[in-house]
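Working notes for the structure below.
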Amino acid sequence: MGSMKPVKTNKAEEPELEPLCCCEYIDRNGEKNHVAACLCDCQDLDEGCDRWITCKSVQPETCERIMDTISDRLRIPWLRGAKKVNISIIPPLVLLPVFLRVASWHFLLGGVVLTSLPVLALWYYYLTHRRKEQTLFFLSLGLFSLGYMYYVFLQEVVPKGRVGPTQLALLTCGLFLILLALYRAKKNPGYLRNPASNDRPLSSGQTECLTRKGQEKTKGFPGTESSGSLNNRTLKDEPKGSSRVLVGSPTKVKEDWCAKCQLVRPARAWHCRICGICVRRMDHHCVWINSCVGESNHQAFILALSIFLLTSVYGITLTLDTICRDRSVFTALFYCPGVYADYSSALSFTCVWYSVIITAGMAYIFLIQLINISYNVTEREVQQALRQKTGRRLLCGLIVDTGQYNRGFLRNWYQFSTLGAHPFHHPAEDIV
């Protein structure tokens, strides 16, 4: 009985945590806060506004603190506490409908807006790529574009009576298949875990948490990179803590030690500098799914691209056939007289051109993927071969054959079709 008294004392001394209501949350300082107080007690924001009003420059560190504060306080009420909303998902939800509706006022405005949208997207991509940060901007843009195009199709195209129930059902099925393929592609791409750690696989939430912690450690220090800065390395700039291990002969599996993840990487695996974790047979980090494309999700990624291209082309064809009758699809795309006389037709025509731009970009990615699969190379291996000036370049660099894993067209596609079927695990003891 005497041994149980300290236990009771400890339980009495531990403060009981009060449950959070739907509008309360624990902020980044570990303090309880309320959604209604999102604009209160923000010294950085007040200082930034004062300097902006007085036409004084705002320091970059102040801007970063303001963005961190906004991202921490931007929450929505939820059960057991308010949930944080990633600020990068908001711009597409607001700007895309506004831009497309403005572009439908006149064909000159349409040309300016539809030209500026890809430029802004590329600028934001290079900005986040240089800072090596994850972003939900492109995933939000892609999903909202699908939803908004389908909404405009239902509201503006279907009521005109040229689209039958079967055609609408096919388009709807294509949309759902795209979402299912994207859901599968968003799953674990083949993360490599340290054998000494827990045997449970990392979830997507745990991976994002590790990435965020790695970025916070390097934030604010010039010249440093976030976790996973080994993605685009060459042999001459490998870190001192990294060493390559060749097993047997050059024809056997080549492994190397990852100093970031503290594990042995099998052949063709790589450390993603954005996700902050090693990925088995990593192809590239895709911003459209905010995840890596690796051994376990490469097939789903290709499936999502193919279904999207077929559905998009079908939707564009149905829309042009409705608003520009008695003309071929290619002719109607460039010459559709009177389309701007009606706002409904003008909005549909603008959305068609927006879909054409997106479809063209995805078709280029799909073509590159098909070529790489046919030559059994990953995008990372292609970029490394271009930097090191190795491999054969065909069609002005569109095709890069490293020759290392190329076993012929049919064998290459057979290997791709069986990715992830027989995972080959390498224990950490191999490096000893």
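Here are some notes:
- Extension gain, PHE144 back to THR115 (0.36 nm per residue minus Cα-Cα distance, nm): 8.5 nm
- With bins 10 Å wide beginning at 0, the percent of Cα pairs of the range 297-366 falling in each bin runs 20, 46, 23, 10, 1.
- Residues ALA37 and LEU367, FRET efficiency given R0 of 41 Å [Cβ-Cβ distance, rounded to 0.05]: 0.20
- Ratio Rg/Rh [Cα only; Rh per Kirkwood] for the range 63-148: 1.05
- Between GLU18 and THR331, the C-beta separation translates, for a Förster distance of 51 Å, into a calculated FRET efficiency of about 0.15.
- For the range 358-407, the spread of Cα positions along each principal axis, largest first, Å: 32, 22, 19
- Rg/Rg_globular for the range 32-189, with Rg_globular taken as 2.2 N^0.38 Å and Rg from C-alpha atoms: 1.36
- The stretch between VAL356 and LEU95 holds 92.1 nm of extra length on full extension. This uses 0.36 nm per residue minus the Cα-Cα distance.
- The range 322-416: mean projected area of Cα convex hull, nm²: 9.0 nm²
Bear in mind these aren't lab numbers, they're just calculated from the coordinates by the rules spelled out. Since the model is a prediction, treat every value here as computed from it, not as a measurement. Because the Cβ atoms are built from the backbone with ideal geometry, glycine has one as well, and the counts that use them run over all protein chains shown.
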